[in-house]
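Read the figures in this text as sums done on the coordinates, not as results from a lab. Quick caveat, the model's predicted, so the values are computed rather than measured. Backbone-built Cβ (ideal geometry, glycine too); neighbour counts: all protein chains shown.
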Ligand code: DGJ
């Protein structure tokens, strides 16, 4: 049993972890433990000091040692004497903001709960159990239902919360975090993933300082600047040693992760929708559903944690026929042509690519309205006849005739002021009355909280998808959102807009992915500005970054790999000098880097030399052969490119018999020994033969001593080594 209750103590057990909590005699739900399986009631760890200025609930009588401000709580509420960061804040009709949450009931349900309108981990009845605990504020009747999805075999626990107005008066929810996790002991550090456009998900590790540390987004998207994932780790935790906890929010909008290190050196982590850009009016009888957090814990370092997140996201967040299927190798025309293309140019690119073995042509931005520049036509989703005089259908047919599939780009949530749509429906753009809106890339954001806007967009995208044999959609979003106001909502509800926007996005994605189950959807937001588990529920891959420079990509993909599986990372070989950095990296190095993802090209293959074309052919052959190992194998970070002169990673098959090492040595070092690179995840007693030179090594030698990296001559030298276990 994954969930059991013994002596009022809840035990949530996965293969390697135990999560424990208890409702005490006053009905307060205390958090007792998240860690290794101890087979122990962990309540003995709780201490009750009499801490001045940490008050006591009235029903504790004269007991000055019972304080909500000092004890580990399962879901901390505002206004009841716990002065740390809270998970939930609800304001009542009389203006007071308090929830005195006490245990009311629980139920255990087979399978994994789902969340109406929101993405969430899904699982079979035999794979998961759900625990629901209802806490109630007696005065107002407001309840919080805490939901726990326990997936033992995945070593994952998911959490979510539902706020139910069970009272007679309306209330306002000002904060409804998905996760509250108290860790009363130990010295912890945190790692968050920050960045900017063209440089996403840079890991930053810091000790916890007393007070509050935060990573968040207020941009309407999960953002390039901070990712909705976080790691807590013990000091000294490494890839392979030490305790760490990972949390990934399954949400694509404004979020907040806060960690408080309190007066008693206790740690509290909360995570959920950003409360500064949120509130929700709840009439009596109504409920609010918070998004989900995926939680896992490892006592063998980050690697184990990453493997768990990769697996759960790939197998139980991503959906549809493409989630585990081999992904097409695609060629995207964006960096080859930008807006300057027509049917002829596309066909030439397609022809060249087909000859090299590419599976799909993706027509990027610029095919609709009068879109010759980025200041026009968003919203007008009809084919530009000047560029495609024979229509989309004919273009697709000709591409299909070359043996290639066809994909297309959209940016549905946006509108250009210079568009037919804006001239007809200026009120559909997000805009605050009497104020000028903020422009981003010259464009405005559509009010997709409105059902009529969503219907228009789903209709427009559907018409295009029905008009030709389209196998792939790239769904882009090229600015941060702002001007949160909708004419359809009352003044009190305007702060619901950022969350309603995300619900609107999910509604459209759900409708379209259900209506077009064969189409592969790839998420995008100026590269990786909306790279999160929420999007992956609809789109099994996301364009990882607009930075296609392979050196930069080794860093971006390293940071991305802590939570997200390789198959989710859209990654292409582009031209040199690189369009973002001016750097020139030989094509082999660009190839191995782009293969660490859902692979493709982003250049005009006709401009390659014969030698480069031969290399592209070889890359495509390699990806066709190794793609299943790359996407289904376990991924190992073998170096830290932020600190070392090499970026190296490996994929090891589930049975430990195949290993592919790839990477890049950044700079040649003169007069120096070749460095060894230690592998991981192999069978120590097995012997592995290198395909390159036939040399045989024991797994133990490969892991303890390593392979020698090639001698670098010049910069950005690729590392490639494939080995298979020898039949003994
Ligand atoms: C941003 C994307 O990340 C690019 O790949 C490209 O699709 C452009 N938008 C098109 O506007």
Note on segment 374-448: the mean projected area of its alpha-carbon convex hull, in nm², is 6.1 nm²
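With viscosity set to 1.567 mPa s and temperature to 4 °C, compute the Stokes-Einstein D of segment 28-127, Rh being the Kirkwood radius across alpha carbon pairs; µm²/s, no decimals.
Numbers: Rh = 16.6 Å.
It comes out at roughly 78 µm²/s.
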How far, in degrees from 0 to 90, does helix 343-356 lean away from the longest principal axis of the Cα atoms of the chain, to the nearest 10? 90 degrees
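Could you work out Rg/(2.2 N^0.38 Å) for segment 451-513, with Rg from alpha carbons only? Don't jump to the answer; show the numbers that get you there.
Details: Rg = 14.1 Å, N = 63, 2.2 N^0.38 = 10.6 Å.
Output field value: 1.33.
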The whole-number value in µm²/s of the Stokes-Einstein translational diffusion coefficient for segment 328-411, with Rh from the Kirkwood sum over alpha carbon pairs at 25 °C and 0.890 mPa s, is 193 µm²/s
Cα→Cβ-extended label distance, 7 Å offset, between residue 347 and residue 511, nm: 3.6 nm
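Using only Cα atoms, what Kirkwood radius does segment 418-537 have, in angstroms? Provide the component values of the computation, followed by the final result.
Values: mean 1/r = 0.0645 Å⁻¹.
Here the Kirkwood hydrodynamic radius works out to 15.5 Å.
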Taking the simple approach of a point 7 Å from Cα along Cα-to-Cβ for both residue 645 and residue 241, what is their distance in nm? 2.6 nm
In nanometres, the difference between 0.36 nm per residue of separation and the alpha-carbon distance of residue 689 and residue 618 is 23.4 nm
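What FRET efficiency, computed as 1/(1 + (r/R0)^6) with R0 = 45 Å and r the Cβ-Cβ distance, is obtained for residue 287 and residue 205, rounded to the nearest 0.05?
0.75
Write down the Å³ per residue value for the convex hull defined by the alpha carbon atoms of segment 308-375.
Details: hull volume 9.9 nm³, N = 68.
Spread over its residues, the Cα hull of segment 308-375 gives 146 Å³ apiece.
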Whole-angstrom gap from segment 411-453 to segment 321-394, using each part's C-alpha centre: 25 Å
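Between residue 632 and residue 678, what length comes free when the chain is fully extended (0.36 nm per residue of separation minus the Cα-Cα distance, one decimal in nm)? Walk me through the numbers before you get to the answer.
On the way: separation 46, 0.36 × 46 = 16.56 nm, distance 2.14 nm.
Result: 14.4 nm gained on full extension.
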Fewest-first ordering of 374, 547 by Cβ atoms within 10 Å yields 374, 547
Quick shape check on segment 341-482: root eigenvalues a ≥ b ≥ c of the Cα gyration tensor, a/c under 1.5 is rounded, otherwise prolate if a/b tops b/c, else oblate, and it reads prolate
Please state, as a whole number in µm²/s, the translational diffusion coefficient that the Stokes-Einstein equation yields for segment 638-728 at 25 °C and 0.890 mPa s, with Rh defined as the Kirkwood radius across alpha carbon pairs. 182 µm²/s
Figure the gain on full extension for residue 4 and residue 424 (residue separation times 0.36 nm, minus the Cα-Cα span) and round it to one decimal in nm. 145.3 nm
Can you tell me the 0 to 90 degree angle between the C-alpha axis of helix 497-515 and the longest principal axis of the chain, rounded to 10? 50 degrees
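Taking other Cβ within 10 Å of each residue's Cβ, how do 210, 373 sort, fewest first?
Working: 210 10, 373 13.
The most exposed by this proxy come first: 210, 373.
Based solely on its DSSP helices, what 222 nm [θ] is calculated for the chain when runs of n ≥ 4 H residues each add -39,500 (n - 2.57) and the sum is averaged over all residues, nearest 500 deg cm²/dmol?
Details: 12 runs with 138 residues, N = 728.
About -6000 deg cm²/dmol.
Largest first and in whole Å, what are the equivalent-ellipsoid semi-axes of the chain based on the Cα gyration tensor, each being the root of 5 times an eigenvalue?
Working: eigenvalues 381, 240, 83 Å².
The equivalent ellipsoid of the chain has semi-axes of 44, 35, 20 Å.
Can you classify segment 480-521 as rounded, prolate or oblate using the Cα gyration tensor, where a ≥ b ≥ c are the square roots of its eigenvalues, rounded means a/c under 1.5, and otherwise it's prolate if a/b beats b/c and oblate if not?
Details: a/c = 4.23, a/b = 2.68, b/c = 1.58.
Cα axes put segment 480-521 in the prolate bin.
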On each of the three principal axes of the Cα atoms of segment 540-604, give max minus min coordinate, whole Å, ordered largest first. 31, 21, 19
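Provide 240, 130, 560, 9 in ascending order of the number of other Cβ atoms located within 10 Å of each residue's Cβ, fewest first. Please report the intermediate quantities before stating the final value.
Values: 240 13, 130 21, 560 28, 9 17.
Lowest to highest Cβ neighbour count: 240, 9, 130, 560.
How high is the FRET efficiency from residue 325 to residue 64, r the C-beta distance, R0 41 Å, rounded to 0.05? Write out the running numbers ahead of the final one.
Details: r = 62 Å, r/R0 = 1.51.
Here the calculated transfer efficiency is 0.10.
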Helix 301-316 sits at what angle to the longest principal axis of the chain, using alpha carbons and giving 0 to 90 degrees rounded to 10? 80 degrees
Bin width 10 Å, origin at 0, all Cα-Cα pairs of segment 534-681: what percent of pairs per bin? 11, 40, 37, 12, 1, 0
Percentage of interatomic Cα-Cα distances in segment 497-572 larger than 18 Å: 42 percent
What's the center-to-center distance, using Cα atoms, between segment 611-653 and segment 37-52 in Å? 47 Å
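Tell me, what is the Rg over Rh of segment 261-345, with Rh the Kirkwood radius over Cα pairs? All intermediate terms of the calculation are to be shown ahead of the outcome.
On the way: Rg = 22.2 Å, Rh = 19.1 Å.
Rg/Rh: 1.16.
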Convex hull of Cα atoms in segment 132-257, direction-averaged projection (nm²): 10.4 nm²
Estimated distance in nm for a label pair at residue 39 and residue 126, the labels positioned 7 Å out from Cα along Cα-to-Cβ: 2.6 nm
Return the whole-Å distance between the Cα centroid of segment 126-167 and the Cα centroid of segment 669-712. 48 Å
